[in-house]
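Input: a single structure, listed below in structure tokens.
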Amino acid sequence: MIYQSTALHFDKQSCHIYVGENLLSQPDVLIPHITGHQVMIVTQDTIAEHYLKPLQALLSDYQCDVITLPQGEQYKTIEQWLKILDALIAHNHERSTTLIALGGGMIGDITGFAAACYQRGTNFIQIPTSLVAQVDAAIGGKTAVNHATGKNKMGVIYQPSCVISDVNFLKTLPEREFIAGLAEVIKYGLVCDATFFVWLEKNMSALLAKENKTLQHAIATCAALKAQVVQQDEKDLGLRHILNLGHTFGHALETANEYQVILHGEAVAIGIALATKLSAELGWLTSKDVTRILQLLAQANLVKTVFDFPSAADFIRTMRQDKKIHAGKLNLILLKSIGVAVKTSQVSEAQLMSFLENEKKRGVISE
Ligand SMILES: NC(=O)c1ccc[n+]([C@@H]2O[C@H](COP(=O)([O-])OP(=O)(O)OC[C@H]3O[C@@H](n4cnc5c(N)ncnc54)[C@H](O)[C@@H]3O)[C@@H](O)[C@H]2O)c1
């Protein structure tokens with residue numbers, strides 16, 4: 001059953017986002033978005049085990065090939081990307097073929113990049129199976145692979161023709177991955193929808209219990225909010241930056257922990273906590289707001305993981321590498337209030353340094 005269907009319109013194409021349950025048993029959701037007579041599904045073993053058969057059954061009238069990639073962010077590489085292209089060539093896929101990404105954000109990013117490059121661009125469909133992918137990665141057209149020197153160094157913006165998010169997929173997602181995805185869900189409430197933030201405060205237990213109606217409402221709301229932002233700034237030149245709330249600090253934590261100990265969403269949650277406290281220091285958030293935000297993160301079982309909190313100097317160094325500090329000028333996404341994020345260069349490097357030093361001493365989630 002479709003719970004919500006949203007259409008995003010760009011210069012040259014549209015992208016339909018479907019959120020619901022049992023969507024792979026409804027041919028009228030996927031089939032109208034397939035072009036040509038060939039399909040290449042890109043997935044991973046664990047995901048294939050649960051969801052490949054129903055998808056293949058839906059595609060019995062097509063030449064349907066499958067490639068499985070290894071699991072883990074370390075495999076989002078140009079070598080694995082080339083394997084997808086090799087498979088397309090080996091199975092004689094024409095330009096009219098459709099690539100389907102069946103998996104989390106890693107599979108979506110690498111498959112989208114392959115679709116953008118194969119024969120100068122083929123049809124591409126996202127079937128996201130993780131919470132991060134359903135609320136964030138699958139929407140907006142950012143595709144990429146990593147380089148030894150950093151994440152997402154090579155990629156393009158290339159829109160899928162549709163995104164099919166079935167909440168039942170989340171039932172097999174490892175619990176830690178699900179919780180990490182909640183950081184991105186909370187982010188949307190903070191960045192652009194105070195009403196959704198209040199809804200999350202009331203419904204976090206139901207979300208953690210993965211109640212279908214609650215999950216559908218949360219995912220559909222996040223998808224619609226991301227769609228609204230992306231539609232106004234597809235190329236990520238301005239407004240879209242607000243969706244990076246918590247990500248600059250989060251990236252410094254990921255770098256300090258070498259991407260092994262801490263999941264992306266867990267790092268984003270700590271980043272959100274830091275952005276919250278810095279916004280309060282500027283007098284933008286009240287202490288009551290700060291308490292509400294930290295409480296919601298804690299309620300979602302976020303910011304509990306043991307990890308290395310970098311020194312203020314290391315934080316600043318990573319931010320400089322990320323071009324978030326340029327010629328002594330800082331660019332941060334902070335909160336004017338719950339539901340309103342802004343990009344600001346109002347914080348000086350010295351102010352940030354002393355804030356981070358204090359946070360390291362205090363422990364980031366203390367109120
Ligand atoms: N393109 C974007 O706009 C965007 C936005 C955010 C994140 N990303 C990217 O997304 C990636 C992170 O995404 P992710 O958190 O989904 O990680 P992921 O794709 O690595 O998935 C995490 C793990 O969960 C498993 N998994 C996924 N769905 C499952 C299911 N339903 N059942 C059982 N196991 C399942 C995967 O096999 C994997 O082992 C990163 O590469 C990040 O850079 C991209």
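Read-outs: derived from the displayed coordinates by stated rules, not from any lab. Only a predicted model underlies this, so the values are computations on that prediction, with no experimental measurement involved. Counting neighbours? That spans all protein chains shown, and the Cβs are built from the backbone with ideal geometry, glycine included.
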Angle in degrees between helix 212-232 and the longest Cα principal axis of the chain, rounded to the nearest 10: 80 degrees
Cut-off under 5 Å, modelled amide H: who pairs with T129 long-range: G103, G104
Inter-label distance, nm, simple model (7 Å from Cα along the C-beta direction), A313/Q13: 4.8 nm
Set of lysines with alpha-carbon distance to K361 below 16 Å, sequence-local pairs under 8 removed: K277
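Find out how many positive minus negative residues lie around T344, taking Lys and Arg as positive, Asp and Glu as negative, among other residues whose Cβ is under 14 Å from that of T344.
In short, +2.
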Backbone HN-Hα couplings from phi across segment 100-116 [Karplus 6.51/-1.76/1.60, Hz, Gly and Pro as x]: 10, 8, 10, x, x, x, 4, 5, x, 5, 6, 5, x, 5, 5, 5, 5
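Could you compute the FRET efficiency for K151 and M1, with r as their C-beta to C-beta distance and R0 at 35 Å, rounded to 0.05?
With a Förster radius of 35 Å, E is 0.45.
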Helix axis angle, 312-321 relative to the chain longest principal axis, alpha carbon, degrees: 40 degrees
Rough spin-label spacing in nm, given labels placed 7 Å along Cα→Cβ, for S345 and D61: 5.6 nm
The chain - percent relative contact order, Cα under 8 Å, separation 6 or more: 14 percent
Cα-Cα pairs of segment 2-172 separated by more than 25 Å (percent): 22 percent
Pairwise FRET efficiency - L237 versus S337, Cβ, R0 = 30 Å, nearest 0.05: 0.75
Where a label projected 7 Å from the Cα of H91 along Cα→Cβ would reach, residues of segment 116-130 with amide N under 20 Å: 116-129
R0 of 45 Å, Cβ-Cβ distance I31-T195: FRET efficiency to nearest 0.05: 0.80
Expected 222 nm ellipticity per residue - DSSP helices of 4 or more, -39500 (n - 2.57), all of the chain, to 500: -14000 deg cm²/dmol
Value of relative contact order over segment 2-172, rounded to a whole percent, pairs C-alpha under 8 Å and six or more apart: 25 percent
The chain shape via C-alpha gyration tensor axes, a/c threshold 1.5: prolate
Flagged links, alpha-carbon separation over 30 Å, of K12/K226; K83/K235; K210/K235; K210/K324; K53/K202: K210/K235; K210/K324; K53/K202
Residue-wise HN-Hα coupling along segment 281-290, computed from phi with Karplus coefficients 6.51, -1.76, 1.60 (Hz; x: Gly, Pro): 4, 7, x, 8, 10, 7, 5, 5, 4, 4
Selected from I219, I272, I89 as most flexible by GNM, with the chain as the system and alpha-carbon contacts under 10 Å: I89
Per-residue ³J(HN,Hα) for segment 84-90, Karplus 6.51 cos²θ - 1.76 cosθ + 1.60, θ = phi - 60°, Hz, x for Gly and Pro: 5, 5, 4, 5, 4, 5, 4
Sites matching trypsin sites (Lys or Arg not before Pro) across segment 167-260 that sit in DSSP coil, with at most 15 neighbouring C-beta atoms within 10 Å: K235
Radius, Kirkwood style, for segment 175-362 when every pair of distinct Cα atoms is counted (Å): 16.7 Å
Angle in degrees between helix 194-208 and the longest Cα principal axis of the chain, rounded to the nearest 10: 70 degrees
Largest-first principal axis extents of the Cα set of segment 124-236 (Å): 40, 31, 28
